[in-house]
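Beneath this line is the structure, given in structure tokens, with notes to follow.
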Amino acid sequence: MANQVKSEKDYSQYFQPPSLTDAKKRGKEEIAVHYDFMIPEDMQGFGNDKFYMIRTYGCQMNEHDTEVMKGLFEQMGYQATEDKEQADVILLNTCAIRENAEDKVFGELGHLKGLKAQKPGLILGVCGCMSQEEAVVNRIMQKHAFVDLIFGTHNIHRLPALLKDAAFNKEMVIEVWSKEGDIIENLPKKREGIRAWVNIMYGCDKFCTYCIVPYTRGKERSRRPQDVLAEVRELARQGFQEITLLGQNVNAYGKDFDDIDYKFGDLMDDIRKIDVPRIRFTTSHPRDFDDHLIEVLAKRGNLVEHIHLPVQSGSSEVLKKMSRKYNREHYLELVGKIKSAIPDVVLTTDIIVGFPGETDEQFEDTLSLVREVGYDMAFTFIYSPREGTPAAEMEDNVPMEVKKTRLYRLNEALNEYSKASNERLNGQIVEVLVEGESKNNPDVLSGRTRTNKLIHFTASKDLIGKMAYVKVTHAQTWVLKGEIVPEPLQMSM
Ligand code: 5AD
Ligand code: SF4
């Protein structure tokens, strides 16, 4: 019963343990695409007068999965709430990329234990990447037995049925599929604001040695071009101003099609013709970034001149141990090609410091690469061992203090380049998509340039959700300041 305290648990009925070993097996079996999703009849209206709350951790893929789950909840009649006390269902959509992401979730579960004791009818669920790890599922079963529901990344569409099981059964409901599922096309999505995410592919086959994603998200599966294009056209019709195409490795788009020759460059070339002011994509793998894609991006229009191109390390030896399948020279050659096709391109990246065995010299190679490329921004991380990945088995003789110093030095260098690159914009007029009031001052508006730089300026609130033109007057490391100007006759961007 929904409001019965869960006691004596018998997990066997539901437990299909996720297995990292099984997840590694890449089968040849076809991935089917389904267009006939419906909320099961007995769950329609199940959420009437009830509230749901989803807390999302991690990347944009997770944010977008949350939009899908919100869509499912609302089709069942649930309403959204941000108030834990009001919620009838709370889901934690989790991230497994580094240990600190997981610690946050376990911390939150600790806080929610009291709420669950006060309100036994509350359904508390854990989903997302952590649910795909067997060690996490075991830990929740042993130490957080008050959790009602665990489901993984491949069966989000099963949420209505799983909720029903969780509401009517005493035992913890666990449904995690080790192998990826099919592509379900017509799931509802609850999007807000003027920017939208669109999945173009799921999963990753790269198996970088430090990374858990190929295990938690399964093998690469591309959505059919006509389905992606139809979704982008519909979002354009609804007035969205910016679309970000999502995939763990968008450059591998289309490699899994055996009936058509249609890759990421072809997709971008078709999306370019759709009337949406800005198209972005994330995230790229340098290995699959081909010349055709560069040629298409150089056509600009709604394809913005910002590329996030994770490098991870500037040392060819470390890149080899990471199994990134390119070396420093290949990466720099690719950057050279991109810069000659799009001279004002803004490049950003991801970097890991303190990979097992990284020497001072190898770290210096990263610093020199950062200088050579001239990134405008980077996400930087200390290596975090992930159980089940090859790097977790490698000997790591780099003390944590050394890793922290490297991270600090890297960030200092990046901040310097970021400020210098922002200063070059002083006096220029930039196109800004106005997002809303600035966080710290409601009299100031906040927006983003085509290159995704944050800019603050004073203007009428009527501009929120629209494009504006702003002259940069002051450049800081993380934010530009400027003043509104009339639309120039010719924009150089
Ligand atoms: N430790 C630290 N950083 C990691 N990333 C992925 N796995 C790990 C790990 N085990 C970083 C990479 C990736 C970004 C999303 O997270 O830089 O590009
Ligand atoms: Fe992880 Fe590498 Fe795949 Fe990116 S490309 S998701 S870092 S395995």
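The values are calculated or read from the model by the stated rules, or taken from the named source; none is laboratory data. The shown structure was predicted, so the numbers you read here are calculated from the model rather than taken from an experiment. As a convention, Cβ positions derive from the backbone with ideal geometry for all residues, glycine included, and neighbour counts pool all protein chains shown.
Hey, can you tell me all the residues within region 169-183 that are buried (at least 18 other Cβ atoms within 10 Å of the Cβ) and within 18 Å of Val33 (Cα to Cα)?
Trp177, Glu180, Gly181, Ile183
Would you say Lys403 is under 30 Å from Leu332 (Cβ atoms), within 16 Å of ligand 1 (Cβ to nearest atom), of a type in the set (Lys, Arg) and surrounded by 15 or more Cβ atoms within 10 Å (Cβ to Cβ)?
Spelling it out, Lys403 is indeed under 30 Å from Leu332 (Cβ atoms), within 16 Å of ligand 1 (Cβ to nearest atom), of a type in the set (Lys, Arg) and surrounded by 15 or more Cβ atoms within 10 Å (Cβ to Cβ).
Could you say which residue among Glu234, Glu192 is out of contact with any helix residue (DSSP H, G or I) (no Cβ under 6 Å at 6 or more places or on another chain), in a loop (DSSP other than H, G, I, E, B) and not assigned by the TED database to the domain that holds Val89?
Step by step, each of Glu234, Glu192 is checked, and only Glu192 is out of contact with any helix residue (DSSP H, G or I) (no Cβ under 6 Å at 6 or more places or on another chain), in a loop (DSSP other than H, G, I, E, B) and not assigned by the TED database to the domain that holds Val89.
If we keep just the residues of region 193-236 that are under 15 Å from the mean Cα position of the chain (by Cα) and away from ligand 2 (no atom under 16 Å from the Cβ), which is farthest from Val68 (Cα to Cα)?
Checking each candidate, the answer is Arg195.
Any residue that is within 16 Å of ligand 1 (Cβ to nearest atom), touching a residue at least 60 places away in the same chain (Cβ under 8 Å) and outside any strand (DSSP E or B) - is there at least one of those in region 217-230?
yes
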